[in-house]
Amino acid sequence: MTSKLQFRPYRYGDEEKITDLLSLVFNGWPHIDTDLTPVEFWKWKYLANPLHPSLVFVGVDGENVISCHHYMVIKVKIMDQIVLGCTALDFAVHPDYRGQRLSSKTSEPNDVKRQEAGIVFSYFITRNPILIKMYASSKNLKFRKPRFPMDLVNLTRISDIDHHFENIPIKNQTIIKAGVKVLKYWNKMWNHPRRTDNLEITHVEYFEEDIDIFIETIQQEHDFMIIRSAKYLNWKYAYPKLGDYRLFIIQEEERIIGYSILRINKYNTAYPVGYIVELITETGRNDAVAKMVSNAISYFDTNNVNIVNVQTVRGHSHVNIYEKYGFLDSRIKINLYTSQADEEVMLEELSTVDPSTIYISWGDHDALPVGLDPHQ
């Protein structure tokens with residue numbers, strides 16, 4: 001029975017019960033190595049966002065939090081518009097309360113809050129086959145969700161394929177091993193990056209405000225991207241005790257033309273996973289992209305990281321550069337769904353643009369996965 005259950009916005013003091021629920025449902029939370037406690041991590045993630053307070057709704061049974069739904073608020077450029085958007089995160093229902101429609105009872109009032117706040121666009125990744133089927137073919141049209149109009153691709157670089165399969169077994173190992181060996185041979189024969197002596201990469205502890213000049217430039221060059229700023233990037237990657245994100249800028253004659261953010265997720269201590277969390281440059285600067293990819297590989301190799309992931313849009317010009325440095329399409333389907341509350345936000349227009357004008361990275365999502373499936 002759910003007659004005594006209440007569904008309400010987050011209140012100060014709920015955070016410990018929310019993190020206990022998340023840890024129970026997801027077998028530990030968060031799935032990243034950090035010096036923050038789970039409660040501190042939750043407060044960073046949902047209360048410290050410099051752009052806009054997060055929208056959090058919970059279901060309670062007496063003193064117990066038995067469900068939760070979170071929206072992290074962002075700004076998004078879609079074609080020539082900049083709109084308030086959000087990404088749906090950390091959606092959980094206590095195992096003892098499943099089968100009582102708590103998912104919709106928790107999320108629907110948060111959707112109302114989202115619309116009242118003028119947030120017209122949301123996106124989220126899921127691998128849940130039940131949700132995927134519902135979004136595609138539910139008889140109730142309100143449950144249907146469109147996929148993002150371009151496919152995402154996760155590229156993976158594996159140094160020692162045998163060591164990888166010892167830690168993450170998978171079917172068709174023989175075929176995959178053969179493909180990796182052929183790619184490595186091809187790279188030796190054809191990978192001759194341009195000289196980039198005029199470009200300088202610098203490791204920084206945080207981003208200065210001058211990064212905003214570069215961001216304004218790339219924002220104009222893109223048809224879709226999450227809006228960034230020095231303040232936003234420092235909250236997301238340079239927050240005290242958050243974890244060891246490595247921030248780099250690349251300059252040409254002291255002018256910033258790109259940046260990258262690297263992270264080794266050591267949550268699985270036996271098999272750490274490397275991520276190029278973000279990597280972006282001014283349009284057409286493939287020389288800078290190549291130099292930053294090379295810098296990333298050196299960092300991960302120095303730290304004995306066997307597997308590195310990077311995410312982009314299928315057909316993006318950077319894919320060819322990553323492939324020359326040993327990255328392969330992981331062939332794992334990334335199910336990115338969207339919803340919108342404003343008919344003037346025309347996502348379908350993105351299906352016709354140059355994929356290189358769409359910027360989506362692992363940094364735009366919630367997790368840096370450590371298991372077999374890079375979006376679990």
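The values are calculated or read from the model by the stated rules, or taken from the named source; none is laboratory data. Being a predicted model, the structure only gives us computed values, none of them experimental. Quick reminder, even Gly has a Cβ in these numbers, built from the backbone with ideal geometry, and neighbours come from all protein chains shown.
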Original post:
Within region 34-58, which residues are in a loop (DSSP other than H, G, I, E, B) and aliphatic (A, V, I, L, M)?
Top reply: Leu36, Ala48, Leu51
Original post:
Residue check, Asn304 against (1) out of contact with any Phe, Trp or Tyr (no Cβ under 8 Å at 6 or more places or on another chain); (2) in a strand (DSSP E or B); (3) among the polar types (S, T, N, Q), all met but one. Which one?
Top reply: (2)
Subject >> Selection within region 1-16 - of a type in the set (A, V, I, L, M) and surrounded by 14 or more Cβ atoms within 10 Å (Cβ to Cβ) >> reply: Leu5
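Every residue, every condition in (1) closer than 27 Å to Pro272 by Cβ; (2) in a loop (DSSP other than H, G, I, E, B), yes or no:
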{"position": "Lys77", "(1), (2)": "no, no"}
{"position": "Leu84", "(1), (2)": "no, no"}
{"position": "Leu89", "(1), (2)": "yes, no"}
{"position": "Ser103", "(1), (2)": "no, no"}
{"position": "Pro109", "(1), (2)": "no, no"}
{"position": "Lys145", "(1), (2)": "no, yes"}
{"position": "Val153", "(1), (2)": "yes, no"}
{"position": "Thr156", "(1), (2)": "yes, no"}
**OP:** Please determine, by comparing only the residues of region 252-272 that are of a type in the set (A, V, I, L, M, F, W, C) and surrounded by fewer than 23 Cβ atoms within 10 Å (Cβ to Cβ), which one is nearest to Tyr359 (Cα to Cα).
**Re:** Ile257
Original post:
Among the numbered criteria (1) touching a Ser or Thr at 6+ places or on another chain (Cβ under 6 Å); (2) outside any strand (DSSP E or B); (3) modelled with pLDDT of 95 or more, which single criterion is violated by Asp96?
Top reply: (1)
Original post:
Before we move on, is Lys139 of a type in the set (Lys, Arg), farther than 29 Å from His222 by Cβ and modelled with pLDDT under 90?
Top reply: yes
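Matching residues to (1) buried (at least 16 other Cβ atoms within 10 Å of the Cβ); (2) in contact with a His (Cβ under 6 Å, 6 or more places away or on another chain); (3) outside the structural domain of Gln220 (by TED's automatic domain parsing); (4) of a type outside the set (Phe, Trp, Tyr):
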position	(1), (2), (3), (4)
Val289	yes, yes, no, yes
Val293	yes, no, no, yes
Phe300	yes, no, no, no
Asn306	yes, yes, no, yes
Tyr322	yes, no, no, no
Gln340	yes, no, yes, yes
Original post:
Which of (1) under 22 Å from Thr312 (Cβ atoms); (2) in contact with a Phe, Trp or Tyr (Cβ under 8 Å, 6 or more places away or on another chain); (3) surrounded by 18 or more Cβ atoms within 10 Å (Cβ to Cβ) does Arg114 not meet, given it meets every other one?
Top reply: (1)
**OP:** Tell me, please, whether a residue that is basic (Lys, Arg) and more than 30 Å from Arg114 (Cβ to Cβ) can be found in region 307-318.
**Re:** no
**OP:** Return yes when Tyr71 is over 26 Å from Pro149 (Cα atoms) and either outside the structural domain of Tyr232 (by TED's automatic domain parsing) or free of Cβ contacts under 8 Å to residues at least 40 places away in the same chain (or both) and no when it is not.
**Re:** no
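Using the structure shown, decide if Ile18 is in contact with a strand residue (DSSP E or B) (Cβ under 6 Å, 6 or more places away or on another chain) and either of a type in the set (Phe, Trp, Tyr) or in a strand (DSSP E or B) (or both).
So Ile18 does not fit the description; no.
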Original post:
Tell me, which residue of region 361-376 that is under 15 Å from Ile332 (Cβ atoms), part of a loop (DSSP other than H, G, I, E, B) and modelled with pLDDT of 85 or more is nearest to the chain's Cα centre (by Cα)?
Top reply: His365
Original post:
Which condition breaks for Thr174 when tested against (1) at pLDDT 60 or above; (2) loosely packed, with under 15 Cβ neighbours inside 10 Å; (3) over 22 Å from the mean Cα position of the chain (by Cα)?
Top reply: (1)
Subject >> Elements of type strands (runs of 3 or more DSSP E) contained in region 195-267, each with 2 or more residues being closer than 29 Å to Met79 by Cβ, of a type outside the set (Ser, Thr, Tyr) and touching a Gly at 6+ places or on another chain (Cβ under 9 Å) >> reply: 245-252
Original post:
Can you tell me how many residues in region 259-293 are in contact with a Leu (Cβ under 9 Å, 6 or more places away or on another chain) and among the acidic types (Asp, Glu)?
Top reply: 2
**OP:** Please verify whether region 325-338 includes one or more residues that are over 20 Å from the mean Cα position of the chain (by Cα), farther than 30 Å from Glu108 by Cα and outside the structural domain of Glu40 (by TED's automatic domain parsing).
**Re:** yes
**OP:** Pick out the one residue from Thr19, Thr37 that is modelled with pLDDT of 95 or more, more than 18 Å from the chain's Cα centre (by Cα) and exposed (fewer than 14 other Cβ atoms within 10 Å of the Cβ).
**Re:** Thr37
